[in-house]
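The values are calculated or read from the model by the stated rules, or taken from the named source; none is laboratory data. This one's a predicted model, so the numbers in the text were calculated from it and none came from an experiment. Ideal geometry is used to build each Cβ from the backbone, glycine not excepted, and the neighbour counts take in all protein chains shown. Quick note on the areas: whole protein, heavy atoms, side chains included, nothing else; ligands and nucleic acids left out. Shrake-Rupley method; radii C 1.70, N 1.55, O 1.52, S 1.80 Å.
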Amino acid sequence: MRIALLTEGGYPYATGASHAWCDRLVRGLTGHDFAVYALTTHPRQETGHPPALPAHARLAHTAPLWGAFPEAHRRAAEERRGRLCKRRERRLFAEHFGALAAALTWERPPGTGPGDGPMIDKADRFAAGLYGLADLARSHGRLPRLLRSEDAVRILQAACRGPRALPAAHGAPLRDLLTVTEHLERALRPLSLDWYGPAPGGLDGADLCHAASGGAAALPGLLAKRFFGTPLLVTEYGVRLREHYLARATAPLTAPVRALLAAFQRALAAEIYAQAALITPGNTHARRWQLRCGADPARLRTVYDGMDATAFAAVGDTADRDSKTLVWVGALTPDKDIVGLLHAFADIRRAEPEAALRIIGTTGGPRSPGYRAQCQALAAQLFPDEAADDRTAGENPVSFEEIGEPDVPTLADAYAAGAVLVLSSVVEGFPRSLVEAMFSGRATVSTDAGAVCEVIGGTGLVVPPRNPRALAEACRALLADPVRRARLGAAARARALELFTVEQNIAAFRGIYLELISHAPGRPAAAEGAPRPFDSPAESHVPGRWAAATVGHTPSWAAGEERTDDEAMAGAAAAPAAAPAAGRGEGS
């Protein structure tokens, strides 16, 4: 099967959770051919060379979502000249962009819900505008310039001044409209790319489009479905709409800009969920977001992120029954609420004077040096260095460390360093550190944020977020009961090995790929005009010397070779005779 893997800001350039998941998926499904279509979000992602891909995968196309639109990536269009052609192009742009702008600025009438008529009409307007702009880019090729033109600003300004416009966007000043059109041009850049034509590496040759996230990454999949009927699979381990909200909340943007960009992301997410053949959220938390955006529950299937458990296999045997050490692992950012954890630990120390807390930061990912310094200052204030006598140096019961230091060279060493793992987050998506602790057979105390309850499933203690007293009470209960710690750690490891391994993730997507392609009609090949769903038959991927001759060969039923009646009768007569021979060879 030919899979078009659509990514944004991740695989194969950037590192992180998304890159790791895509790499495991591609390397695990060796029976399919992967073509990666990557959208980059920062210049540094294209400066270095991407890592080597396996033999059955290739980097088909790359395009930037930053800077000016690169002419080398523009979709080839028929050369059109003359005043009438330009006038028609501007008229079509005004019609399609006007529909899209009206959908973005149209406020929900009071007393209506997500399934009411006015909102359905709003979704239809957005879809009409989006696909109209895609058709315009396909026929004329000047869409990026038009999106940054004065016409676009005037159309958006008129929509913002309408009687039912969003209050936050009503009467937006010119500088805000210019900012919005600039963001829209970059977000809609996939409409103008040369990924859909007859050129080599086009999406018209894919059997399935798999978007590794929502947002801009899924836009090429929407167009491939519209132009070629290619089914679209959307996987979201972190909901792109939620990430947009979190990013825009701290960005230096005005209220009109924030409102209009949020409306665009909501409308795009709803259209992606409406057109996807199947949506695979990474957890129930992501599933709830998708349902609120209008996703059909019948087309939602949760597939947990797969993680490699081998590195943590030996950690469970290193448990110290008398240990009083708590471990926190993650990126030191304000949403992890280390301040609340320190106050909870102060309460723990009153009951357990021998308790220690090791805060271990992970490499990569987000960092906040200012927040780390704030936490270190608070720890020094709450826990002055203590000495056993007047001859020894004092030590603080709270330590701040990093993965890669001599005491904690690896993640496995971090989880082996304590008896209980603590997760104190206020905002959380899929808690990877919690799953790694479960692989390590460690008892856990977590706050109820994101997908924590879904992941832990009764094998650990969960308390409300921003409640240091409850967090301290749960930690004291586990530190005082080593038998309970061991029992919870064993149950947690068994649950993690059942649900969160790489093997279960790959097996789930292997079945999903076959399910989706079984419902997709075979499309005729351009040269022969006969249905050819695959480049090579399924048996060519079976190991063995007998299958080697079929690799790269298309059988007659797929290539559309015509057979005479005599040939058909001869083939039918030969089939019964071949069966006994095969049976004799098998039994010998």
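For the reader, a short list of remarks on this structure follows.
- As a ratio to 2.2 N^0.38 Å, the alpha-carbon radius of gyration for the stretch 239-374 is 1.47.
- With θ taken as phi - 60° and the Karplus curve 6.51 cos²θ - 1.76 cosθ + 1.60 applied, the whole-hertz 3J(HN,Hα) list for the stretch 239-256 is 5, 5, 5, 5, 4, 5, 4, 5, 5, 6, 5, 9, 6, x, 10, 6, 4, x Hz, x standing for glycine and proline.
- Whole-percent carbon and sulfur share, accessible surface of the stretch 444-483, 1.4 Å: 49 percent
- Spatially proximal lysines relative to residue 225 (Cα-Cα < 22 Å; intrachain offsets below 8 disregarded): 122
- Net charge over other residues, Cβ less than 14 angstrom from the Cβ of residue 265 (K, R count +1; D, E count -1): +3
- For the stretch 303-351, the Kirkwood radius over C-alpha pairs fed into Stokes-Einstein at 20 °C and 1.002 mPa s yields D = 151 µm² per second.
- Grouping the Cα pair distances of the stretch 419-472 into 5 Å bins from zero gives a pair-distance distribution of 5, 23, 36, 24, 11, 1 percent in increasing distance order.
- Phi angles across the stretch 338-353 convert, under the Karplus curve 6.51 cos²θ - 1.76 cosθ + 1.60 with θ = phi - 60°, into 3J(HN,Hα) values of 5, 4, x, 5, 5, 5, 5, 5, 4, 5, 5, 5, 5, 8, 10, x Hz, Gly and Pro given as x.
- Computed over the Cα atoms of the stretch 393-439, the ratio of the radius of gyration to the Kirkwood radius (Rg/Rh) comes to 1.01.
- Among residues other than residue 465 with Cβ under 11 Å from its Cβ, the summed charge is -2 (Lys and Arg +1, Asp and Glu -1).
- Our note on the geometry: Cα centres of the stretch 284-327 and the stretch 183-224, 30 Å apart.
- Equivalent ellipsoid semi-axes - Cα gyration tensor, the stretch 144-274, angstrom: 30, 18, 12
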